[in-house]
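Comments concern the structure below.
Derivation of every value follows stated rules applied to the coordinates shown; laboratory data play no part. This is a predicted model, so every value here is computed, not measured. Using ideal geometry, Cβ is built from the backbone for each residue, glycine included, and neighbour counts are taken over all protein chains shown.
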Amino acid sequence: MAMKTAESMHWTTDLTAFSVSHVVVMSRTRSPIRSTVGLKAVMAVTGLVLVLFLVAHMLGNLKIFTGAEDFDHYAHWLRDLGTPLLPYGWYLWLQRGALLIALAGHIWAATMLALRARSARPVRYAHRKKVQGSYAARTMRWGGVIIALFVIYHILDLTTGHLNPVGDPSRPQANVVADFAPERWYVTLFYTLAVVALGFHLRHGAYSALRSLGQQTSQGERRARGLALLFAVALSVGYLVVPFAVLLGLVS
Amino acid sequence: MNLTLRIWRQTGPEDKGRMVTYPVEDISPDMSFLEMLDVLNERLTLAGEEPVAFDHDCREGICGMCGMMINGNAHGPQRGTTACQLHMRQFTDGETIDIEPWRARAFPVVKDLVVNRNAFDEIIAGGGFVTAPTGSAPEAHAAPVAKADADAAFESAACIGCGACVAACPNGSGMLFTAAKVTQLSLLPQGQPERYTRVIGMVDSHDDAGFGGCTNAGECTVVCPKGIPLHTIGRLNRDYLAATAKHTGRS
């Protein structure tokens, strides 16, 4: 009998201990966004916003194949969008604002996670297999830096026109054609490298975003991987056909 | 077989540590990797040197005690195998083998190849339990569990907590372990009442222990001796996001 009482008392103490830790869990005050899982959700959502823009931008680029007039008209239409509800050019600035916020969130979350990862392994391995999982996954961070540098160059080139041989904002088609002329092969080369980096980034990024937002079955994983690969290839090809068409003289 | 071993030697937590080269001779291809280290240690002991410290217990691949980086692979080159179940026939005569401890801030080196994995216990303490006393195993028909859920829960429950996922992760993340421990409870009826507080508590403990974040690189699942699938982490992510949504404004 005495044994039994001791045993039930033991249970009681255990339960108290558990309820205490339970209360601690319930009353947490830290921001879930800053947890490693929350940061990944931020990366996923901001990444998907940026991807929507990439798709629209790529489709817009393809207008170059329907003629210089069409392409230039599309560029002007983007500035005209939303008028008279919005003053001229405002839509584009709203979009730029939204993209900038998404980009800032994406880079912020990536930096926080990269810093965490760095501090999580203070002593490196002397012998380490470089890749066992996915190559694209292992190159996300440096790939992201390359893409960011390219975006800066790209804006100075084809948005502001500072680094463009023509640099006339009223004639975007002429800017593009001058940009990828055969004698400026290094521009095409850099553009190609950046787009390939983007393809790798998206191949892992799109799949990873779905996982971060809760994709949780092996069948879904296969589908997500396939979809991400297909999407990355389609987007990269969509972007690359423009400079190569100019290089080969198909667009002038 | 004759081999050259390059082993991480570290006298204690404060020591800087270094790789030391040891030749070993007449190793049988039928020995396990740990038996090969036993041979080396016997020789070192006879010579009056300090034997190489490494963790091990069951040597049957089910306890999760052993584990070391072997030529940059957690648990060595053979998939789905712990270091104790790895046999020397996986290596070639004359080969040089690099042996290092798990590397993670959350797993400080105690000595040589032994690391302190208390951080995993802290993750469990963060919520990896069911508070209601459930007594002995219930009658199987009392609480029906869908076959798919039972299988997935069992798959996760196979985790032996060896730490290979952390060791292989480029981010030093313990997310595969945490996800396995979340999943084995979140799929069963006994785990439902605390499902959402559990995942938040365990992720908080994981982050506090100094592990990195998961970037879905997939290195962990490749080296996992129990083959815990990567999509287990998606289950954790979903529960975590649901828990966050449920608790908005309440905490």
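Quote the Stokes-Einstein diffusion coefficient, in whole µm² s⁻¹, for segment B:67-191, based on the Kirkwood radius over alpha carbon pairs, a temperature of 20 °C and a viscosity of 1.002 mPa s. Here the translational diffusion coefficient equals 128 µm²/s. Compared with the direct C-alpha span, the chain from B:Ala142 to B:Ser28 gains 35.9 nm at full extension, assuming 0.36 nm per residue. Sorting B:Ser186, A:Ser170, A:Ser119, B:Ser136 by the number of Cβ atoms found within 10 Å of their own Cβ, with the fewest placed first, yields B:Ser136, A:Ser170, A:Ser119, B:Ser186. Among B:His87, A:His201, the order by Cβ neighbours within 10 angstrom, fewest to most, reads B:His87, A:His201. Each other residue within a Cβ distance under 12 Å of A:Ala224 adds +1 if Lys or Arg and -1 if Asp or Glu, for a net charge of +4.
Along its principal axes, segment B:117-246 has C-alpha extents of 44, 29, 27 angstrom, given from the largest down. Per residue, the convex hull spanned by the alpha carbons of chain A comes to 222 Å³.
The simple spin-label model puts a point 7 Å past each Cα toward its Cβ; for A:Ala234 and B:Thr134 those points are separated by 4.4 nm. Its Cα centre serving as origin, segment B:117-246 has a Cβ charge dipole (Lys and Arg +1, Asp and Glu -1) of approximately 180 debye. Residues of segment A:103-122 with an amide N closer than 15 Å to a point placed 7 Å from the Cα of A:Thr159 along the Cα-to-Cβ direction: A:103-105. Can you give the FRET efficiency for A:Leu115 and B:Glu49, using 1/(1 + (r/R0)^6), R0 = 25 Å, r = Cβ-Cβ distance, to the nearest 0.05? For R0 = 25 Å, the calculated efficiency reads 0.05.
Among B:Pro144, B:Pro108, B:Pro225, the largest mean-square fluctuation in a Gaussian network model of chain B (Cα springs under 10 Å) belongs to B:Pro144.
Averaged over the residues of B:64-70, the number of partner chain Cβ atoms lying within 10 Å of the residue Cβ comes to 1. When shorter helices are ignored and each DSSP H run of at least 4 residues is given -39500 (n - 2.57), the per-residue value for chain A at 222 nm works out to -24500 deg cm²/dmol.
For the protein assembly as shown, the Cβ-based charge dipole about the Cα centre amounts to some 1200 debye (Lys, Arg positive; Asp, Glu negative; other atoms uncharged).
Shielding by partners for peptide B:131-143, expressed as the average number of C-beta atoms from other protein chains within 10 Å of each residue's C-beta, is 1.
Dipole size of chain B about its Cα centre, with +1 on Lys/Arg Cβ and -1 on Asp/Glu Cβ: approximately 1020 debye, rounded to the nearest 20. Extents of segment A:157-252, largest first, come to 52, 26, 20 Å (Cα atoms, principal axes, whole angstrom). Averaged across the residues of A:208-215, what count of C-beta atoms belonging to other chains lies within 10 Å of each residue's C-beta? Mean partner shielding for this stretch: 6.
Lysine pairs in chain B whose alpha-carbon atoms fall under 29 angstrom of each other, counting only those eight or more residues apart or on distinct chains, come to 8. Each residue in A:Tyr207, A:Tyr186 was given a count of other beta-carbon atoms within 10 angstrom of its own, and listing them fewest first yields A:Tyr186, A:Tyr207. The label point for B:Val110 and the one for A:Ser170, both projected 7 Å from the Cα toward the Cβ, are 7.8 nm apart. Shown for chain A are the DSSP H helices of 27 Å or more along their axis, judged by Cα atoms, with a mean Kyte-Doolittle hydropathy of at least 0.5: A:36-61, A:90-120, A:185-212, A:218-247.
The simple Förster model, with R0 at 25 Å and r as the Cβ-Cβ distance, assigns A:Thr83 and A:Val45 a FRET efficiency of 0.25. Given R0 = 25 Å, the distance between the Cβ atoms of A:Ser218 and B:Gln190 translates into a calculated FRET efficiency of 0.55.
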